[in-house]
1. Could you give the accessible area per residue of the chain, probe 1.4 Å, as a whole number in Å²?
2. Among Lys521/Lys590; Lys282/Lys406; Lys740/Lys792; Lys538/Lys799; Lys563/Lys606, which pairs are too far apart, with a Cα-Cα distance over 30 Å?
3. Which whole-angstrom value gives the distance between the alpha carbon centres of segment 351-408 and segment 596-621?
4. Could you tell me the accessible area of Ser473 in Å² (1.4 Å probe, neighbours in place), rounded to the nearest ten?
5. Determine the share of segment 467-595's accessible area contributed by carbon and sulfur atoms, expressed in whole percent, with a 1.4 angstrom probe.
6. With runs of 4+ DSSP H residues as the only contributors, calculate the mean residue ellipticity of the chain at 222 nm using -39,500 (n - 2.57) per run, divided by the residue total and rounded to the nearest 500.
7. Which of the peptides 611-624, 148-161, 330-343 is most tightly packed, and how do the rest follow, going by the mean number of other Cβ atoms within 10 Å of each residue?
8. Can you give the local net charge around Ser617? Use residues other than it whose beta-carbon is closer than 14 angstrom to its beta-carbon, Lys and Arg +1, Asp and Glu -1.
Amino acid sequence: MISEEYPLDLKSLIKKIMMKHRLLLLLFISLIAVPISAQQLQNPSEFLGYKLGSRFTRHHKVVDYFKYIAQNTDKVQFQKYGVTNELRTLAVVYVSSANNIKNLETIRKQHLTNAGIENTSELKDKAVVWLSYNVHGNEASSTEASMLTLYKLITENKKYLENTVVIMDPCINPDGRDRYANWYNQVVAAPNNNNPDAREHNEPWPSGRPNHYLFDLNRDWAWATQVETQQRLKIYNKWLPHIHVDFHEQGINNPYYFAPAVEPYHEVITDWQREFQTQIGKNHAKYFDKNGWYYFTKESFDLLYPSYGDTYPTYVGGIGMTYEQAGHGRAGLGITKRDGEILTLWDRLIHHTTSGISTVEMASKNTAKINSEFKKYFHDNDFKYKSYVLKGNKSKTNALIALLDKHEIKYGRATGKNISGYKYDTRLKGSMKTVSSDLVISTDQPKGRLVKALFEPVAKLSDSITYDITAWSLPYAYGFKAIASEKLVATSNGFTNATHSTPKRDSYAYTFEWNHISDSKLLADLLKQNFRVRFTRKEMTNSGQNLKSGSLIITRGDNKHFKNFDNALITTANKHSKYANTINSGFSDKGPDMGSSDVREIKNQKIAVLSGKYTSSLSYGEIQYFFEQEINYPYTAINTTDFSANRLDNYHTLIIPNGYYGGLFNKSTLDGLKSWIRKGGKVIAIGGANRIFANKKGFGLKTKSSNDKKDKDEKDSPIIRYEELERDRIKGSITGAIFKTNIDNSHPLGFGYGDSYFTLKQGARSYKYLKNGYNVVRLENNTAFSGFTGSKAVNNLTKSLIFGEENIGRGSIIYMVDNPLFRAFWDNGKLFFANAIFYTNPSMKKL
Ligand SMILES: [Zn+2]
């Protein structure tokens with residue numbers, strides 16, 4: 001059964017085929033009209049023409065197999081739900097008894113009635129299981145397993161389908177998977193070589209793990225920055241399955257991992273969710289034991305960070321689990337492990353097939369309990385904080401609303417009352433007077449637990465050893481003034497995020513505010529259309545308006561080359577939902593006049609970004625995504641292997657992503673870079689890229705070192721037991737915690753911000769304030785506002801640099817110690833990056 005988002009135009013297709021070949025037409029009609037009985041269905045090997053596991057299947061063939069099965073049985077329905085950046089198909093199949101497939105929509109509504117989202121009779125005796133494969137593209141055995149799992153479900157395991165709807169997404173990340181599969185198929189030896197030294201076991205940068213923009217899709221569920229996530233959430237929210245499995249792979253020498261997960265667990269996880277993962281794990285163990293396969297549970301993989309494929313489903317009612325098979329981008333078709341045994345693709349896929357079917361079995365055998373517990377989950381949302389009240393400018397509010405909509409989280413407007421509670425910016429009790437543009441998000445809604453997980457100021461940690469960042473609270477990430485209230489806050493409806501300007505025409509100039517990343521998208525668009533744009537470096541008052549530093553000014557006098565300047569400008573403003581103000585005169589009542597050197601023109605910038613070997617692919621991807629998707633502005637990626645300072649003469653700015661540059665910047669390269677900066681070039685260094693300059697002659701960046709006296713340290717240190725070593729090690733680490741910093745917003749890097757900023761710090765490395773530079777964003781106090789910080793790690797953070805600028809000759813370096821583009825979710829950091837590009841020491845150099 002096929003239902004596509006873009007249904008085939010059958011008539012025209014048949015007509016075309018008829019003209020070409022009558023026989024084909026007959027075959028075609030017989031295929032769609034007469035379902036083949038299950039005995040005749042081709043298994044994956046028969047369909048593909050090679051034995052499953054003997055090569056990596058390209059994504060389109062996987063889609064073909066799922067479509068073929070859907071066309072030939074009434075137990076499977078195919079649904080395309082979108083396309084990737086590289087236009088590959090995203091699709092799921094629904095697998096169940098023919099009767100259930102017929103009544104899919106009724107079952108869905110009954111299921112969501114238990115969640116309080118729909119309002120019909122309640123589902124009692126059917127389970128909904130969602131299996132997601134290959135989120136990391138080079139963990140490629142699971143998509144192979146998905147084909148066998150589908151086949152086995154509708155043949156030998158069809159009894160489970162009587163009371164279970166299985167939703168299968170054969171590949172969450174098709175672009176990454178094909179990057180891996182195509183590469184592997186090109187380099188594999190014949191026969192394949194099991195020696196780990198062979199090139200088929202050593203993937204080149206950036207590997208197949210991430211998606212097109214090199215984002216880790218298993219870190220993106222909650223932030224939904226990527227098209228794969230955005231399109232998936234639309235159907236995921238239609239189903240909110242009882243159980244969700246995310247299939248992965250890990251190092252080649254590891255045994256199989258399945259649930260239960262290890263602490264820390266997030267507080268919103270219920271006892272039932274904990275308990276049922278254990279029951280499912282025990283069922284897998286039964287099959288793995290029978291085959292003599294090794295596995296482990298309760299280690300390594302925790303349930304805290306809300307943006308994984310196990311936690312996110314858990315925070316919206318499901319039992320979310322990660323299964324990990326040994327393999328990964330190293331294993332290929334076969335590889336010799338440490339113990340001398342050979343791990344084959346077939347081993348990998350049969351393990352994932354076994355755990356997948358065992359999961360469905362457990363769902364099918366526990367439908368009554370699963371449904372009653374699912375219902376309880378949604379009706380028991382009694383948390384300490386009932387409402388979160390957020391105050392911010394319109395652009396920030398619009399950005400957050402867009403995210404809430406993706407998760408189908410409800411929100412409302414504040415009603416003008418005074419609200420008291422926990423204040424995010426002081427960590428103290430206090431109150432805030434609300435206005436109707438303030439946003440209120442409460443936990444008394446079906447997505448209440450997700451609201452708590454995303455908005456609460458501090459996530460409670462039951463254990464400090466975790467896999468990822470420990471703080472992500474959205475009011476900090478978006479830069480809102482916020483209060484968490486222990487009482488439910490009343491709201492009114494009616495947020496609209498569209499802005500339509502109808503400014504007075506024929507005035508002296510148009511102006512725009514500058515306080516959100518979306519303002520730089522408007523700027524980028526204006527520059528691309530050859531508007532001449534200025535910005536003010538000092539606050540001013542003109543025509544009764546207050547223009548803060550950084551405000552955009554587009555004068556009529558500058559733009560005589562436009563036939564209809566007003567129309568062109570207003571159209572662009574409306575396209576970006578930005579409000580255009582006008583001023584009547586070049587004469588300012590306060591601050592610089594329009595002709596002042598403080599009202600500077602912004603020229604188009606030619607930007608180079610280092611890419612490839614040595615750069616962190618995640619960081620490079622974040623920059624690529626920033627330019628292409630967030631502000632739509634051109635840049636040139638230069639491979640590190642082609643890099644030399646001589647090439648930079650054609651650019652204003654070089655951006656160096658986070659990375660591990662080792663020998664790439666030797667003395668002569670660094671000297672070349674420095675002389676380019678002297679001539680007016682600008683470098684923006686992110687995270688690890690700052691190590692290129694730290695403590696080097698001619699650069700002002702200096703690492704902070706521990707002030708602790710060594711002997712004191714030794715005296716105080718207790719003897720550490722071997723088994724406690726890992727716990728001791730984390731005392732020196734920060735795995736993503738939120739700190740309050742101070743901003744010098746008179747510097748262009750700080751334009752558009754207030755006097756403080758909450759930064760997400762991901763490591764303990766820290767740098768002193770610049771002696772001969774601008775310390776624009778500074779961490780003065782080392783107390784984390786949210787998240788885990790190792791007791792030893794925070795020592796060096798007091799009075800350390802977060803973002804700063806050092807002038808060298810006519811150019812400069814912008815040091816960004818923390819990464820403002822991390823996973824593209826820290827909304828409030830992005831404007832610093834735009835400021836660094838367009839406002840800070842803007843080169844007027846003609847190229
Ligand atoms: Zn993975």
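The values are calculated or read from the model by the stated rules, or taken from the named source; none is laboratory data. What you are looking at is a predicted structure, and each value in this text was computed from that prediction instead of being measured. Glycine also receives a Cβ, built like all others from the backbone with ideal geometry; neighbour counts cover every protein chain displayed. Each accessible area value is taken on the protein alone, full model and side chains, heavy atoms only, with ligands, DNA and RNA left out. Shrake-Rupley method; radii C 1.70, N 1.55, O 1.52, S 1.80 Å.
1. 41
2. Lys282/Lys406
3. Each part reduced to its Cα centre gives a spacing of 38 Å.
4. Approximately 0 Å² for this residue.
5. Whole-percent figure for carbon plus sulfur exposure: 47.
6. Theoretical 222 nm ellipticity from helices: -9000 deg cm²/dmol.
7. 611-624, 148-161, 330-343
8. +1
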